[in-house]
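Q: One structure coming up, written as structure tokens, with questions to follow.
The values are calculated or read from the model by the stated rules, or taken from the named source; none is laboratory data. As the structure is a computational prediction, the values presented were derived from the model and not from experiment. Backbone-built Cβ (ideal geometry, glycine too); neighbour counts: all protein chains shown. Accessible surface areas use protein heavy atoms only, side chains included; no ligands, DNA or RNA. Shrake-Rupley method; radii C 1.70, N 1.55, O 1.52, S 1.80 Å.
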Amino acid sequence: MARRFPLQAPLDHARHRLEAAERLLRMLKRKEESARQRLQELGSYKQEYQQRLTGTAGQGMDIQLLRDFHVFLAKLDEAIRHQEGELVQASNHWQAAHDSWVAQRQKVKAYETLSTRHHVQSVRLEEKQEQRVSDEMASGKYIRGSDKTII
């Protein structure tokens, strides 16, 4: 029977941490995509609102309504700048989580390589022991067989 890998507990722990890093990575990617989508929606809404302003202003409009349009567009610009910051922050968080995931994956691969080497070495040792036992048994039969011919 093959010997137990002495670093099995750290390998299991590293795999668990890798799975947690993968879950975090997926969650942060969804947040980044959501922030990107909100930014696109704000940009589309601003463009639509500017077109309405251009269409309405061409027909003539009240000065108060014109000011309201400009105030609202300024608020949209502020919201867009804020959302751009949110997107940058979400992207940075995702990148940091990705870097952590890569490090965790490398650690798991290193442990798995050691585990594979350990398993191969254990199998070879076991095969050698079995071969030794088989050789000893064959040798014993040979010796017993040759003892009978001598007598």
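Q: Restrict the check to the range 37-47 and report whether at least one residue is assigned to a helix (DSSP H, G or I) and closer than 27 Å to residue 102 by Cα.
A: yes
Q: Condition test on residue 56, is it part of a helix (DSSP H, G or I) and over 30 Å from residue 29 (Cβ atoms)?
A: yes
Q: Looking at 82, 16, which one is without any contact (Cβ under 8 Å) to a residue 40 or more places away in the chain, open to solvent by 80 Å² or more (accessible area, probe 1.4 Å), assigned to a helix (DSSP H, G or I) and under 30 Å from residue 111 (Cβ atoms)?
A: Sole residue among the options that is without any contact (Cβ under 8 Å) to a residue 40 or more places away in the chain, open to solvent by 80 Å² or more (accessible area, probe 1.4 Å), assigned to a helix (DSSP H, G or I) and under 30 Å from residue 111 (Cβ atoms): 16.
Q: Is there any pair with a first residue in the range 40-51 that is under 17 Å from residue 74 (Cβ atoms) and a second that is at pLDDT 95 or above and among the β-branched types (Val, Ile, Thr) whose Cβ atoms are under 6 Å apart and which are 6 or more apart or on different chains, and what are they?
A: Pairs found: 42/80.
Q: Of these, 95, 37, 89, 106, which one is open to solvent by 70 Å² or more (accessible area, probe 1.4 Å), under 30 Å from residue 125 (Cβ atoms) and at pLDDT 95 or above?
A: 106
Q: For the range 106-116, check the following and say yes or no: at least one residue is over 20 Å from residue 18 (Cα atoms) and assigned to a helix (DSSP H, G or I).
A: No: zero hits.
Q: From the list 53, 66, which one is surrounded by 13 or more Cβ atoms within 10 Å (Cβ to Cβ), touching a Phe, Trp or Tyr at 6+ places or on another chain (Cβ under 6 Å), over 26 Å from residue 101 (Cβ atoms) and modelled with pLDDT under 95?
A: Just a single option satisfies the conditions, and that option is 53.
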